[in-house]
Amino acid sequence: MKSVAIFSIKGGVGKSTTAVNLAHAAATSGGRRTLLWDLDSQGAATYLLKLAPRSGAKARAAVAGETELSDLVLESEFPNLDVLPADKSLRRLEGDLAQTDKLKQLKKHLKSLSSDYDRVIVDCPPGLSELSDRLFRAVDLIVLPIIPSPLSDRAAEQLRAELQKSHGGRPPLLPLWSMADRRRKLHRETIDRHPDWPVIPYASAVEAMAVHQSPVAVNQPGSPAARAFAGLWSRAEMALLNG
């Protein structure tokens, strides 16, 4: 089993839409038994797949080892794709982790899922924190959505520096241009600095996910955004297999 963290330094960069579309691609075109683990207390990834946590479910308690993760897993309407939904209890998870010395707890959780899933996609809360540090120790790849802007290189370098300082440069990092609008000169110039990074366009098809509550490939399968997410999954899968 291989795991991927969808992470961003700040919010509002298309992180959850990336997580949902990547998980859907892994499950459908990739044919992988896939779990989308929503660890962002806002629960956007859960919502985008028309799901909600069961009544009384406490994702925080499951991460803490007080209940079984498998008890919270929900089936999506798509083959091979399950969801471990977020709920508001995750807002207190950061404090829990700061008070425990179980550095490998999240890694153990991921290992416990290996008999049921081939790929786990984790939608992380934004920002460098105790939780992100634990996740970096546990996953096999980090996918980093960045909006093309003068600060974009800084965000990627901040994360690279953190990985090098605290984790020996691991796991591998796959940055991507998110919400890219090539009609804007600044976006074009920024993208050209890293032409090898995948590009997810700023598109109505992506915005419409919040209306339809389903991945882009379902609502507009032939759209540039759908093709871009399919290409992103190919890049991520290649990185996982070569890692």
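Throughout, read-outs are computed from the coordinates displayed, never taken from laboratory work. Source: prediction; values computed, not measured. Every residue, glycine as well, gets a Cβ built from its backbone with ideal geometry; the counts of neighbours run over all protein chains shown.
For semi-axes √(5λ) of the Cα gyration tensor in Å, the listed values are [x] 34, 20, 14; [y] 75, 20, 16; [z] 26, 22, 16; which was obtained by calculation from the structure presented?
Recomputing semi-axes √(5λ) of the Cα gyration tensor in Å here picks out [z].
Structure shown: which of LYS2/LYS108; LYS88/LYS111; LYS2/LYS107; LYS15/LYS50; LYS15/LYS88; LYS104/LYS165 lie over 20 Å apart, alpha-carbon to alpha-carbon?
In this structure, LYS88/LYS111 lie more than 20 Å apart at Cα.
For the range 2-242, calculate the relative contact order in percent as a whole number, restricting contacts to Cα pairs under 8 Å that are 6 or more residues apart.
The value is 27 percent.
Could you list ASP40, ASP153 in order of exposure, starting from the residue whose Cβ has the fewest other Cβ atoms within 10 Å?
ASP153, ASP40
How far apart, in nanometres, would the label points at GLU189 and LYS50 be if each is projected 7 angstrom from Cα along the Cα-to-Cβ direction?
The two pseudo-label positions are separated by 4.5 nm.
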